[in-house]
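Some notes on the structure that comes next.
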Amino acid sequence: MSISLLRDLRDLKVLVLHPPDEPGLRFIDHLRRIGCMVTSLWPVPAELPHGVEVVFLTIEDEQRPAIEQFLKSMPHPKPTLLVIVSYENPATLQLMLESGALAVIDRPVKPFGVLANLAIARSVWLEQQENLKELRKLKRKAAGDRKLVRAKTILMASKGLTEDQAHQYIRQQAMTKRLSMEDIANAIIHAEDLLRS
């Protein structure tokens, strides 16, 4: 775990969804001692307040419909989510799995282990975001590659070029017009679609 991650934990905007009982208040105090900026709400709200980076969500059977609504309202990407449970039964486990929680904390919450769970959950969340970013980049590249192949195929059929010549043609047009090869490929595909229709 990097030092910067531990430092960043101190400035996190944390939402605690826990009844305002004695263990809940001690838990909130502990998070504040860590340095988190904590907001506490109960019962579970219909949607996530703006700017929240981490959510500690207490799962209680009476709150199940509100919890389900709350989870559906989460933005994408959703914040780092940790759940607090007092017992395990099939319904609770199912809700935990559906929530996408990255850590589980026993209730009543004790200070020991909170920082470790928070740090690990946040680390996993940051890694997930980096992986999603890389995946989006790869998908864009794959889409661009498919367009380039289609544009080359159009040029090979319409101008009688080899694949290498078609590639060089697109590259030359991109340099001359100061556009990306994908932009030129899009223009070729668009022109061919217009001619077809």
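The values are calculated or read from the model by the stated rules, or taken from the named source; none is laboratory data. Please read these numbers as outputs of a predicted model, since none were measured by experiment. Cβ coordinates were reconstructed from backbone atoms using ideal geometry, including for glycine residues, and neighbour counts include every protein chain displayed.
Observations on the structure shown:
- One residue stands out among those in segment 22-43 that are small (Gly, Ala, Ser) and not in a helix (DSSP H, G or I): the one that is modelled with the lowest pLDDT, which is Gly35.
- Ala91, sole failed condition from (1) more than 22 Å from Ser123 (Cβ to Cβ); (2) of a type in the set (A, V, I, L, M); (3) surrounded by 14 or more Cβ atoms within 10 Å (Cβ to Cβ); (4) more than 24 Å from the chain's Cα centre (by Cα): (3)
- Any chance Arg64 is outside any strand (DSSP E or B), assigned by TED's automatic domain parsing to the domain that holds Arg10, surrounded by 12 or more Cβ atoms within 10 Å (Cβ to Cβ) and of a type in the set (D, E, K, R): yes
- Among the residues making up segment 124-155, those that are touching a helix residue (DSSP H, G or I) at 6+ places or on another chain (Cβ under 6 Å) and either surrounded by 16 or more Cβ atoms within 10 Å (Cβ to Cβ) or in contact (Cβ under 8 Å) with a residue 40 or more places away in the chain (or both) are Gly144, Lys147, Leu148, Ala151, Lys152, Ile154, Leu155.
- Condition met for Gly24 (of a type in the set (Gly, Ala, Ser) and at negative phi): yes
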